[in-house]
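These notes concern the structure reproduced below.
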C-alpha cells in the first residue's frame, strides 16, 4: 500500500478522501492547505501526492511547481471543483504542470482508487477496493 499526502482545504472532502484511502490500507498524511502540504511533504516519505488546486494562500498549482522543482519524480494527482468550465481549465493546467492524473469534483471513490492504483507498482493489477 502507499503513503499518500492528501492536501485539501475543505474538511469534509479531505475527511471522505482520507476514509476512502485508509479503508483500502493506504497510509494518509493530511494537510489543510498548500503551505502545510509542502511542510508535511518534507517528512512524509510519500509515494503519491493528491492535491486540490483551488485553496486559499498556497494553491495547488504552486504546490505542484515547488514539488516538481525539488522532487521531479513525485507522482501528483490533482483534483478540482469550481464549476465545470473552471475545473476543466484548472485540470488541464495541472496536467501541463506535471500531474499524472486529474479528477474533477465530484468524483466517485472508484475513480479515486483507480487513479491511485495506477500510480502504484503493478499499476491497475495492485487495485483493491474498500470493504462493502
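None of the figures in this text is laboratory data; all of them are computed from the coordinates on show. These numbers come from a predicted model, not from an experiment. We place every Cβ from the backbone using ideal geometry, glycine too, and count neighbours over all the protein chains shown.
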Order of 74, 28 - criterion: other Cβ atoms within 10 Å of each residue's Cβ, fewest first: 74, 28
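At 222 nm, what value in deg cm²/dmol follows for the chain if DSSP H runs of at least 4 each add -39500 (n - 2.57) and the sum is divided by all its residues, to the nearest 500? Before the final figure, lay out the partial values.
Numbers: 5 runs with 58 residues, N = 132.
Calculated at 222 nm, the ellipticity per residue is -13500 deg cm²/dmol.
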